[in-house]
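The values are calculated or read from the model by the stated rules, or taken from the named source; none is laboratory data. The shown structure was predicted, so the numbers you read here are calculated from the model rather than taken from an experiment. As a convention, Cβ positions derive from the backbone with ideal geometry for all residues, glycine included, and neighbour counts pool all protein chains shown. All accessible areas refer to the heavy atoms of the entire protein, side chains included, with ligands and DNA or RNA removed. Shrake-Rupley method; radii C 1.70, N 1.55, O 1.52, S 1.80 Å.
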Amino acid sequence: MTTTDQRDLHREALAAATTHVVRLTDADLTNASACAGWDLATLLAHMVGQHRGFATLLSQGAAPESAYSPERFTQTAWQGSVADLISAFAGVDLDRTLVEIELHPTQPLPVHVLLGAQLLDTVVHTWDLAWGLGERFEPSPALADAVLAIAEQIPDDDGRERPGAAFAHAVPSASSGWHRALALLGRDPATVGAGG
């Protein structure tokens with residue numbers, strides 16, 4: 001079975017996120033995000049921390065929970081974390097297995113699965129960021145298809161009710177594609193934030 005290489009798509013997702021990030025002002029950081037209880041500063045600190053944690057895991061073969069801790073957002077921190085993450089994925093065998101403790105505390109997972117999880121996280125959080133700016137974000141069809149394929153495999157169970165859960169329970173949607181992916185991950189694709 002041939003492993004699908006989604007590194008180009010992942011770089012596309014990070015570039016799309018960055019187009020929103022570079023336009024942020026300090027005042028924007030206090031806007032609510034689409035993640036309940038998180039403002040944009042908290043959302044971005046989470047994303048930077050995830051970049052750092054994944055980069056550490058991929059480059060060192062292991063990463064403690066602290067490696068994924070949120071890191072205060074600055075434009076410099078964002079750019080550096082994105083560069084580190086891209087470099088780390090570029091330098092690792094996609095079939096190698098590693099323990100990513102936030103996905104599973106003990107079970108090694110193939111890097112291509114970790115890449116998919118990071119891709120989904122990036123694309124959905126870009127929508128969350130755009131929502132907080134009062135904007136709409138629509139990924140490319142290829143990115144939307146990739147996110148939907150992963151979203152359809154994520155259980156909608158009691159784990160979504162835990163504090164800090166990545167996704168709320170799915171919301172009803174008659175749509176397909178990108179909007180269906182958002183709905184499966186607990187986002188209402190019909191809403192747009194107030195942008196402050």
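See the values below:
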read-out: Condition broken by residue 24, with the remaining ones in (1) part of a loop (DSSP other than H, G, I, E, B); (2) touching a Gly at 6+ places or on another chain (Cβ under 9 Å) satisfied; value: (2)
read-out: Check on residue 147, at pLDDT 90 or above and of a type in the set (Val, Ile, Thr); value: yes
read-out: Qualifying position, being surrounded by 15 or more Cβ atoms within 10 Å (Cβ to Cβ), under 25 Å from residue 189 (Cα atoms), out of contact with any strand residue (DSSP E or B) (no Cβ under 7 Å at 6 or more places or on another chain) and in contact (Cβ under 8 Å) with a residue 12 or more places away in the chain, among 13, 36, 63; value: 13
read-out: Failed criterion for residue 173 (all others in (1) within 22 Å of residue 12 (Cα to Cα); (2) modelled with pLDDT under 95; (3) small (Gly, Ala, Ser) hold); value: (1)
read-out: Evaluation of residue 3 against (1) β-branched (Val, Ile, Thr); (2) surrounded by fewer than 18 Cβ atoms within 10 Å (Cβ to Cβ); (3) at pLDDT 95 or above (one fails), failing number; value: (3)
read-out: Given (1) buried (at least 16 other Cβ atoms within 10 Å of the Cβ); (2) more than 13 Å from the chain's Cα centre (by Cα), index of the condition residue 91 fails; value: (1)
read-out: All positions within region 94-124 that are in a helix (DSSP H, G or I) and open to solvent by 10 Å² or more (accessible area, probe 1.4 Å); value: 112, 113, 117, 121
read-out: Residue list for region 65-98, filter: over 18 Å from residue 11 (Cα atoms) and touching a helix residue (DSSP H, G or I) at 6+ places or on another chain (Cβ under 8 Å); value: 67, 68, 69, 70, 71, 72, 73, 95, 96, 97, 98
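Listed here are the residues, each with its yes/no results for (1) open to solvent by 60 Å² or more (accessible area, probe 1.4 Å); (2) free of Cβ contacts under 8 Å to residues at least 24 places away in the same chain.
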site	(1), (2)
26	yes, yes
29	no, no
40	no, no
44	no, no
48	no, no
52	yes, no
